[in-house]
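A short worksheet on the structure shown next.
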Amino acid sequence: MKIAVIGSGYVGLVAAACFAELGHEVFSIDNDEQKVAQLQRGELPIHEAHLPELLARHRGQRITFTSALTPPVADSEAVFIAVGTPPTAQGEADLSYVESVARAIAEAIYSYKVVIEKSTVPVLTSRWIRKVMLLDGAPAEMFDVASNPEFLREGSAVSDFLYPDRIVVGADSERCAEVLRQIYAPLTSGSYYRQSSPVPKPSGAVIPPPLIVTSAQSAELIKHASNAFLAMKISFINAVANICEAVGADIREVCEGIGTDARIGRRFLNPGIGYGGSCFPKDLKAFAAVARECGYDFHLLDQVMQINAAQQQRFLRKVRNALWTLKGKRLAVLGLAFKGGTDDIRESPAVELVRVLLKEGCSVRAFDPAAMKNAREVLPGAIYCESAYDAAAGADALLILTDWPEFAHLDLDRLRSLLAYPIVVDGRNLYLPATMAAAGFLYYSVGRPDAQPAEARGRSREEKTVAPVPAKVD
Ligand code: NAD
């Protein structure tokens, strides 16, 4: 099928590459000329596993990058809208990009098309899209508007797209639902997984995935409700972690105990410095705004957001407790992206924390495997390092702010010898307190008792005076 995907960002670009991978002929359209030129040259504007292979395989074959909207839309049977829906100052979703794209599509309709919302939008947006398209002269019988929310996670976006838990199609006509069934048929029939070299199956993926057909309104609500529920799970476990800290319990044990209940599940029970990224913060605000608009005060969402904001403050207190004073301290920071596996720093708790630490007079030596280019633009005051060890050299403490897998496998002896003081404040619980204590660190994490080396716990006053003060390394 010929498909146009408007917006070549995290969602649009991944969707376009994956549709090409499923055998469709895809136009990936963006009004950012620079981005389009970059994609045409074969350069990738984002960091995402498997995306380079997919684009190398399909660029110039099944996928074309362009900034012109009308000819490819006119030529396509399905048109996906994947532009941004950022929050307004009041917290509602700013739908102006969606509206301008809908108007442009209306002008390119000469044969039947399905226009599909892939962007995350408030309930009833599909009706608005239809309305503006009709006002802009699109003949009523020539198009349908559907909702096909995207559930991919940055960092594993390609795998999530090709091995989804489910595909949700919100369609108000059978003709339109059928177009979407055909688009996803290689996944729902299982044929994609039987071909010679599919993207590797992630563990736990259920194939083939189910395709759930609902009304457009239900599909729009499914996306907002899913994100709100996941954010609630994170805030809930962060709140429980705070209780653990107060009573000396271990959140890891608590998570295991509650997560093994099949009704609750283990995923997303990861205490830390709070959620961030381009989705949860804005989608929660937008969902709360939708509820207000409907006359329902969704207090629970306000609480979820408040707990999340407070979690960053608690982490800062932890850093203060570990270091006493902050001014003039040299800090190693591991991680700037809002989560591991991505270069996205939008609403990243790590970036916010570094901003505060710089303001407090700390010097920050940061390392992130993918997000440093983006971070440089918003945090010019930090020093960007070549590796975790480079960042640690001579630092008064090491802070772990993003859950990159490689940060969980550091050479602890090397780290210990590089740091001026063996202090690690781990906002992602990547290590076991006992392991860190045995490796000679004072270790602070979230929802677990602080750990310190045996010698620091049990040394006599006499021993302490003779213990060497760790040398500062420049
Ligand atoms: P993004 O900012 O990375 O990409 C949006 C793209 O749309 C940009 O490249 C921009 O130049 C382009 N664009 C804007 N106006 C345009 C226009 N008039 N014509 C053509 N292109 C235009 O955003 P994203 O992260 O890909 O998110 C897109 C939508 O998908 C949002 O609604 C978001 O909430 C939703 N979503 C995002 C994720 C995620 O993990 N990022 C996951 C699920 C859903």
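The values are calculated or read from the model by the stated rules, or taken from the named source; none is laboratory data. Just so we're clear, the structure is a prediction, and the values are computed from it rather than from any experiment. Here the Cβ is made from the backbone with ideal geometry for all residues, glycine too, and neighbour counts use every protein chain on show. Note: areas computed on protein heavy atoms with side chains; ligands, DNA, RNA excluded. Shrake-Rupley method; radii C 1.70, N 1.55, O 1.52, S 1.80 Å.
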Once normalised by the length of region 76-198, the mean sequence separation of its alpha carbon contacts under 8 Å that are 6 or more apart gives a contact order in percent of 21 percent
When the Karplus curve 6.51 cos²θ - 1.76 cosθ + 1.60 is applied with θ = phi - 60°, which whole-Hz ³J(HN,Hα) does each residue of region 127-132 get, with x for Gly and Pro?
5, 5, 4, 4, 4, 5
Say the dipole of the chain comes from +1 at the beta carbon of Lys and Arg and -1 at that of Asp and Glu; which of 208, 67, 240 then lies farthest toward its positive end?
240
Estimated vicinal HN-Hα couplings, Hz - region 342-358 in sequence order (Karplus 6.51, -1.76, 1.60; Gly, Pro = x):
9, 9, 7, 10, 5, 6, 6, x, 4, 5, 4, 5, 4, 4, 5, 5, 5
What part of the accessible area of region 312-444, given as a whole %, is carbon or sulfur when the probe is 1.4 angstrom?
51 percent
Cα Rg, Dmax, region 2-214, angstrom units
16.3, 50
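Give me the percent of accessible area attributable to carbon and sulfur for region 235-308, probe 1.4 angstrom.
Numbers: 2260 of 3870 Å².
Its accessible area is 58 percent carbon and sulfur atoms.
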If N is the number of residues in region 12-93, what value comes out of its Cα radius of gyration divided by 2.2 N^0.38 Å?
1.16
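What is the Rg over Rh value, at two decimals, for the chain, using alpha-carbon atoms and the Kirkwood definition of Rh?
Details: Rg = 24.6 Å, Rh = 24.1 Å.
Answer for the chain: 1.02.
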Cβ under 15 Å from residue 69's Cβ, residue 69 left aside: what net charge do those residues give with Lys, Arg +1 and Asp, Glu -1?
-3
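Once you charge only the Cβ atoms, +1 for Lys and Arg and -1 for Asp and Glu, what is the size of the charge dipole of region 25-70 about its Cα centre, to the nearest 20 debye? Don't jump to the answer; show the numbers that get you there.
On the way: 5 positive and 7 negative charges, 36 e Å.
The calculation lands at about 180 debye.
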Rounded to whole Å, give me the distance from the Cα center of region 41-71 to that of region 1-32.
8 Å
Out of 325, 307, 289 - ranked by how far each Cα lies towards the positive end of the dipole of region 245-340, with unit charges on the beta-carbon of charged residues - the top one is 325
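Can you pull out the trypsin sites (Lys or Arg not before Pro) in region 52-138 whose DSSP state is coil and whose Cβ has at most 16 other Cβ atoms within 10 Å?
Values: sites: 57, 59, 62, 103, 113, 118, 127, 130, 131; in loops: 62, 118.
Sparse-neighbourhood loop trypsin sites (Lys or Arg not before Pro): none present.
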Number of Lys pairs (Cα under 24 Å; 8 or more positions apart or on different chains) in region 252-401
12
Magnitude of the charge dipole, region 2-214, Cβ model with Lys/Arg +1 and Asp/Glu -1, debye to 20:
460 debye
Which value, in debye to the nearest 20, describes the size of the charge dipole of the chain about its Cα centre when Lys and Arg Cβ atoms bear +1, Asp and Glu Cβ atoms bear -1, and nothing else is charged?
1020 debye
Computed on Cα atoms, Rg of region 235-308 relative to 2.2 N^0.38 Å comes out at 1.28
Could you let me know the centre-to-centre spacing of region 213-246 and region 96-111, using Cα atoms, in angstrom?
32 Å
What's log10 of I(q)/I(0) for region 312-444 at q = 0.13, 0.15, 0.20, 0.22 Å⁻¹, Debye sum over Cα points only, no solvent?
-0.45, -0.61, -1.16, -1.44
Over the chain, what relative contact order in percent results from Cα pairs under 8 Å that are six or more residues apart?
11 percent
Given labels modelled 7 Å from the Cα in the Cβ direction, how far is it in nm from residue 376 to residue 33?
2.4 nm
What does the net charge come to around residue 251 if you take all other residues with beta carbon closer than 9 Å to its beta carbon, with K and R at +1 and D and E at -1?
-1
For region 302-317, Karplus-derived ³J(HN,Hα) couplings (6.51, -1.76, 1.60; θ = phi - 60°; whole Hz; x for glycine and proline) come out as 4, 5, 4, 5, 5, 4, 5, 5, 5, 5, 5, 5, 4, 5, 4, 4
With the calculation restricted to Cα positions, what are the radius of gyration and Dmax of region 111-188 in angstrom?
13.8, 40
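Over region 235-308, what relative contact order in percent results from Cα pairs under 8 Å that are six or more residues apart?
Values: 49 pairs, mean separation 25.9, N = 74.
Result for region 235-308 is 35 percent.
Solvent-accessible area per residue for the chain at a 1.4 Å probe radius, Å²?
So the chain comes to 44 Å² accessible per residue, rounded to a whole number.
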